[in-house]
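Novice: Mind looking over this structure? Questions follow.
Only the coordinates and a few stated rules stand behind these numbers; no lab work does. Quick caveat: nothing in here was measured; it's all calculated off a predicted structure. Every residue, glycine as well, gets a Cβ built from its backbone with ideal geometry; the counts of neighbours run over all protein chains shown.
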Amino acid sequence: MKRIVGNTMVFLSFLVFGHLLGGCKDTSQPGSGAQMPVEVDVLTVAPQGLDMVTELPGRTAAFRIAEVRPQVGGIIQKRLFTEGSEVQAGQLLYQIDPATYQAGFDSAKAALAKAEAQEHSNRLKAERYRVLVRTKAVSEQEQVEIEANWRQSVADVAAAKAALATARINLEYTRVTAPIGGRIGKSTVTEGALVTAQQANALATIQQLDPLYVDVSQSSSELLKLKKEIEAGITAQSDNGASDVRVLLEDGSEYAQPGTLEFSDVTVNPTTGTVTIRAIVPNPKLELLPGMFVRARISKGYRPEAILVPSVSLSRNSKGQSYVMVVNDKGEVDVRIVETGQNVGPQVLITRGLVIGERIVVAGLQKIRSGVPVKAVEQAKNTVAERSPAANDSLGKTE
């Protein structure tokens with residue numbers, strides 16, 4: 001009996017000790033009462049002017065291309081240019097054997113002289129018959145026949161002149177000259193080769209490389225969106241109406257010479273849904289060659305009240321949507337889904353989801369979630385911009 005009473009007393013002692021420990025529980029732990037506000041850095045959204053640009057892939061193309069072909073047939077006597085060199089418009093490139101064409105020219109020249117002599121004789125005879133017919137020395141029939149012979153000889157002179165002009169043109173065509181100035185490629189023929197008039201294969205190709213075209217493609221939806229922004233006054237066109245173009249080379253460096261937008265095609269490609277945009281870029285040092293892959297940075301106008309936020313304030317949820325943490329009037333955190341535009345250095349353009357004057361969290365994102373009370377500490381924009389971007393995609397996901 002004494003043993004049972006002793007065990008009971010020990011059990012009661014443990015209960016009293018546990019109760020005392022429970023009464024000493026730390027009330028500062030979560031769930032014990034009101035949660036203490038978390039200190040975070042915030043930035044107030046403010047508008048600023050922004051030059052809108054778009055970066056599109058494209059390829060370079062020669063400003064002008066001319067394929068050199070013979071216009072008369074014959075044997076190539078000489079090739080008078082160096083492959084890969086610069087040639088001037090009108091420069092002699094090939095000499096075709098002119099012997100037969102020179103003979104044809106001489107023959108046409110002689111035929112013209114004969115026709116002119118005959119015309120001169122018939123004209124003098126017709127003038128005499130006009131006098132004689134008045135005195136009835138010759139019949140009117142004879143005078144009409146002489147007049148017709150003279151007119152026929154006049155036509156013969158005209159035909160002989162045309163034949164001489166054709167012979168002269170053919171003779172000149174034996175000198176194959178450059179139709180445009182530019183860089184000439186390799187020659188497809190050598191001395192002694194037989195060529196024919198207007199053959200399918202070009203003798204050589206000349207390309208004008210200064211200036212140079214840059215052809216890029218932009219989706220029709222982006223063009224439509226830009227037009228709507230201009231009509232709504234969100235984006236303003238430049239003063240001169242022309243868009244500047246900067247070319248980025250394959251290694252990522254920027255080409256020194258700026259270009260201008262030449263034209264935008266009026267037809268949408270039904271397969272790709274894109275519109276071809278052509279820019280013209282100076283190429284004085286011939287650094288760019290046709291067919292190079294480049295990226296064109298095209299100015300789309302000016303947005304006077306753009307909203308830019310630091311990239312460190314942006315995160316992505318499980319659906320891939322971009323969002324920021326906004327501090328509301330109650331001092332609590334709200335998740336705000338936003339639509340982003342182009343990157344501007346360490347900042348990102350927000351096209352939808354934020355309004356001017358709202359406060360976004362730029363530091364301390366790992367310590368907060370939606371609905372948590374925070375103590376907001378305002379930060380200067382230049383201070384935030386100096387921070388390196390954080391890997392925000394690894395933060396708590398928000399649906």
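Novice: Would you mind calculating the gained length between Ala256 and Ala148 on full extension (0.36 nm times residue separation, minus the Cα-Cα distance), in nm to one decimal?
Specialist: 31.5 nm
Novice: Moving on. Can you give the Kirkwood hydrodynamic radius of segment 98-173 from its Cα pairs, in Å with one decimal?
Specialist: After inverting the pairwise mean of 1/r, the radius is 13.8 Å.
Novice: Express in whole angstrom the spacing between the alpha-carbon centres of segment 40-59 and segment 96-147.
Specialist: Rounded to whole Å, the Cα centres lie 85 Å apart.
Novice: What FRET efficiency do you get for Lys186 and Thr267 if R0 is 30 Å and r is their Cβ-Cβ distance, rounded to the nearest 0.05?
Specialist: 0.30
Novice: Another one. In square nanometres, what is the average projected area of the Cα convex hull of segment 175-214?
Specialist: Average of the hull's projected areas for segment 175-214 equals 3.9 nm².
Novice: So if each residue of separation counts as 0.36 nm, and I subtract the Cα-Cα distance between Ala89 and Tyr302, what length gain in nm does that give?
Specialist: 72.5 nm
Novice: Under 12 Å from the Cβ of Leu212, count the other residues' Cβ atoms, weight Lys and Arg +1, Asp and Glu -1, and hand me the total.
Specialist: For residues surrounding Leu212, the net value is +1.
Novice: A follow-up question, please. Principal axes first, then extents: for the Cα atoms of segment 303-367, list largest minus smallest coordinate on each axis, whole Å, largest first.
Specialist: Largest to smallest, the principal-axis extents are 32, 27, 19 Å.
Novice: Quick check: Cα centre of segment 179-216 to Cα centre of segment 60-91, how many Å?
Specialist: 5 Å
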